[in-house]
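Enquirer: Let me begin by handing over the structure; questions about it come next.
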Amino acid sequence: MLVQDLLIILGFTFCAIFFSVITNSLLLKFSHNLGIRNTNDVLIRWSNQSKPSLGGISFFAVFVFSAVAYSILFSSEGIFDNTQYVGLFVAGCLAFAMGLADDAYNTKPLPKLAAQISCGLLLFFTDSSIDLSGVYWLDGVITVVWVVGVMNSLNMLDNMDGITGTTVLFILASCLASSFILFNASINIWTITLFCVIGAIIGFLFFNLHPAKMYMGDTGSQFLALIVAFFGIKFLWNTLPDSSSSAWATGLLTLTVFTPAAADTLTVVINRLRKGKSPMVGGKDHTTHHMVYAGFNDRQVWWGFTFFGLFSFLMAIAMLYLINDRNSSFLWLFGGYFLVVFGYLYRNTIKFPERKK
């Protein structure tokens, strides 16, 4: 990478962090009534205090900033002539609007699901689909299921201070690593968007680590999940579309990167179905909560998920180099990683059952 490219990347990243910090500081200053979660949310979130759920606004603001700044500095490219970027931008706006409405009005599940499906369809019809089966309509179904699944998974994970932001940070870092290792990316709209969103998350975490001053809300979790779903398609699922072994190899890569979120979601779904409960109803029965029941404090739980996220990132880098060398012989060894993390977290939920905080 040229020194000039590095300076541009650092400039965008630090501007994103600064813009995020300033935006969240201003939102906190004027948040006495705006964005305060209602009392019903206390039944779902770990904290028993109502705090402003405005962090998602800074994510969207930085995303728009990245588009405007890139368009000004690299005006010859015309990012809105790029079909995939138009799909990402429109779907991102829809996810943000849906999350904002849910934070403000506690919308019903069906409208939320319809918006999530619409986001998946927008990506699919703008050439951002998972090329898994080779059958057009089936890949469309897989893409929509992927988008809806990620949006619900990260929304469910947003239950304790700092967990979702940190988890998404490492997922996007893995996508960024893939863009450089497998696609030889330099300065383009995709890398700039990734660096800016990562900067926005870092700025938000100053306010969201325990004890949190603010939450990201559905506005943040839905928007970030859409970003994650898109870049997961572009830089994880579709890394080797020309290889006969790409389906299982890239699927395993994606599972490794998403291990913390996937393990939590799978654990919650299994346990709630076993108890005859709906997986979509909130509660204090997540893997993060059961780590507290096991004796960890809130900060230690965050450190635990930070370790899972960092290790997933490092595992992903190793896998990316193997994939880049067309050496898939040893990739199956990485499959055990998800099983180990899932087994540990699931065992905690059995060994240390839910109790009153």
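Enquirer: If Ile142 satisfies all but one of (1) touching a Ser or Thr at 6+ places or on another chain (Cβ under 8 Å); (2) aliphatic (A, V, I, L, M); (3) more than 24 Å from Phe65 (Cα to Cα); (4) buried (at least 21 other Cβ atoms within 10 Å of the Cβ), what's the number of the condition it fails?
Expert: Among (1) touching a Ser or Thr at 6+ places or on another chain (Cβ under 8 Å); (2) aliphatic (A, V, I, L, M); (3) more than 24 Å from Phe65 (Cα to Cα); (4) buried (at least 21 other Cβ atoms within 10 Å of the Cβ), the lone unmet condition for Ile142 is (4).
Enquirer: Somewhere in the range 106-127, is a residue surrounded by fewer than 18 Cβ atoms within 10 Å (Cβ to Cβ) and acidic (Asp, Glu)?
Expert: Looking for residues that are surrounded by fewer than 18 Cβ atoms within 10 Å (Cβ to Cβ) and acidic (Asp, Glu), one finds at least one in the range 106-127, hence yes.
Enquirer: Further, regarding this structure: When you go through (1) under 23 Å from the mean Cα position of the chain (by Cα); (2) free of Cβ contacts under 8 Å to residues at least 12 places away in the same chain one by one for Ile350, which number turns out not to apply?
Expert: (1)
Enquirer: Under 8 Å between Cβ atoms, which residue pairs at least 6 apart in sequence (or on different chains) link something in the range 328-343 that is without any contact (Cβ under 8 Å) to a residue 24 or more places away in the chain with a partner that is surrounded by 13 or more Cβ atoms within 10 Å (Cβ to Cβ) and not acidic (Asp, Glu)?
Expert: Final answer for the pair search is Phe330/Leu322.
Enquirer: If you take the residues of the range 336-356 that are touching a helix residue (DSSP H, G or I) at 6+ places or on another chain (Cβ under 8 Å) and within 14 Å of Tyr293 (Cβ to Cβ), which of them is surrounded by the most Cβ atoms within 10 Å (Cβ to Cβ)?
Expert: Here the answer is Leu345.
Enquirer: OK, next. Within the range 152-195, which residues are of a type in the set (Gly, Ala, Ser) and more than 30 Å from Asn106 (Cβ to Cβ)?
Expert: Across the range 152-195, the qualifying residues are Ala173, Ser174, Ala177, Ser178, Ser179, Ala185, Ser186.
Enquirer: On the basis of being buried (at least 24 other Cβ atoms within 10 Å of the Cβ), in a helix (DSSP H, G or I) and at pLDDT below 90, does Thr256 make the cut?
Expert: For Thr256, the condition - buried (at least 24 other Cβ atoms within 10 Å of the Cβ), in a helix (DSSP H, G or I) and at pLDDT below 90 - is not met.
The values are calculated or read from the model by the stated rules, or taken from the named source; none is laboratory data. Note that the structure is predicted; figures quoted are calculated from it, not measured. Every residue, glycine as well, gets a Cβ built from its backbone with ideal geometry; the counts of neighbours run over all protein chains shown.
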